[in-house]
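What follows is a set of notes on a single structure, which appears directly below.
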Amino acid sequence: MTLLDRYLFRQLALALLAVTVGLAALVWLTQSLRFIELVLDRGLSLAVFFELTSLLLPSFFSVILPITTFIVMLFVHLRLAGDRELVVMRAAGLSNWQIARPALALGLLVVAVMAFLNFWLVPLSHTAFRQWQFEIRNQLVGVLVQEGVFSTLGNDLTVYARKRDPDGTLRGILVHDQREAGGAVTILAQAGRIGQGADGPRVTLYDGVRQQMEKGAAGAPPRLTVLSFSENSVDLARVARNEETRSRDSRERSIAELLDPDPVEGLRPRELRRFRAEAHQRMASPLTALSFALVGLAVALTGQFRRHGGGIGVVLGIGIMVALLALGLTISNAATRRDGLIWLIWLHAILPGVISAWWLAGAPGLPRKAPPREALS
């Protein structure tokens, strides 16, 4: 790699790192706001919040890397053109491909990173993220009980606490439990504490009343039974056991699992089509990043000597990228509905790069307007 290649590669790599990290941080900030409630209202620590939301970052990087690669290729080379650095390179006899060599090396590096993310890190991190969510929703029941709010745990248990003391003691408790076979149970208690039992979380209630509307015999009206107690406990672990078993979505599965899922799962045809489309999208995505890099190079390195060419290049490049992104979403949605359209995913990933490479090479084979006779004489 020549000194010029190292200079261009350093400019591109630093810009790509800055833009990708900045955009990923912005996306992470907007997406993590929906989890801030776990810290403010439900008692989870900031460490848990950051650990949970950081598991989203690999997915963000896999989505934005092709876009930021295009942005960096376009704007860095347009800046070089505006500073007349490309003019000097052209005067030194460098062709488009020689100027684009560092950018292509960086593009291949992005392809390797994208492959690492899509084939290994994204499924691993998304599995950990969804497992955290499942445990918070179904196992960490104690953090779900908020003071002054009717908290629904599962589908058939509602808990209300008028106040929560600093030591975790709940005051003024109401529990409405519809899991009992004999009829719904309503419990009123002065105080209570949530602890961990042998089978999972339990709430121990003190000084209260247990009311149950029991079903009567055939033809008889329901009968209300009231029982006072000094101490009683309600099993919250059954909330987690009664929840549906956590199903694994497409982003948690490896490509092999997406292409050939276990028949025991009994997946519906629609889910099988969605899994296959996800697998091909994940495999084609690294090539999409390289194609987007070539699109940015083709826009920036051709026609840059026209007056105000930089502004035209920016508008043209952004327009092409928006069209490609919209087309990609359309193809992805169509491929999830029909297996016969999966090949369009690969066409979208490869064709823009091929056309851009052809354009960078001077569009060989394209009919050209003959020069005027005066120029020949």
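Before moving on, here are some points about what is shown:
- Residue-level analysis places Ala184 outside the set of residues that are modelled with pLDDT under 70 and more than 39 Å from the chain's Cα centre (by Cα).
- When residues of the range 339-353 are limited to those that are open to solvent by 40 Å² or more (accessible area, probe 1.4 Å) and not aliphatic (A, V, I, L, M), the one nearest to Gln281 (Cα to Cα): Trp346
- Only one of the numbered conditions (1) within 18 Å of Val299 (Cβ to Cβ); (2) open to solvent by 50 Å² or more (accessible area, probe 1.4 Å); (3) of a type outside the set (Val, Ile, Thr); (4) modelled with pLDDT of 90 or more is not met by Leu329, and that is (1).
- Identity of the residue in the range 207-245, touching a Gly at 6+ places or on another chain (Cβ under 7 Å) and open to solvent by 80 Å² or more (accessible area, probe 1.4 Å), that ends up modelled with the lowest pLDDT: Asn242
- Any hit, the range 8-18, residues being touching a Pro at 6+ places or on another chain (Cβ under 9 Å), among the hydrophobic types (A, V, I, L, M, F, W, C), open to solvent by 50 Å² or more (accessible area, probe 1.4 Å) and part of a helix (DSSP H, G or I): yes
- Residue count, the range 116-136 (criterion: of a type in the set (A, V, I, L, M) and surrounded by 18 or more Cβ atoms within 10 Å (Cβ to Cβ)): 3
- For the range 23-60, a residue qualifies if it is open to solvent by less than 40 Å² (accessible area, probe 1.4 Å), more than 19 Å from Ser125 (Cα to Cα) and either in contact with a strand residue (DSSP E or B) (Cβ under 6 Å, 6 or more places away or on another chain) or at pLDDT 90 or above (or both), but none of them does.
The values are calculated or read from the model by the stated rules, or taken from the named source; none is laboratory data. Source: prediction; values computed, not measured. Backbone-built Cβ (ideal geometry, glycine too); neighbour counts: all protein chains shown. All accessible areas refer to the heavy atoms of the entire protein, side chains included, with ligands and DNA or RNA removed. Shrake-Rupley method; radii C 1.70, N 1.55, O 1.52, S 1.80 Å.
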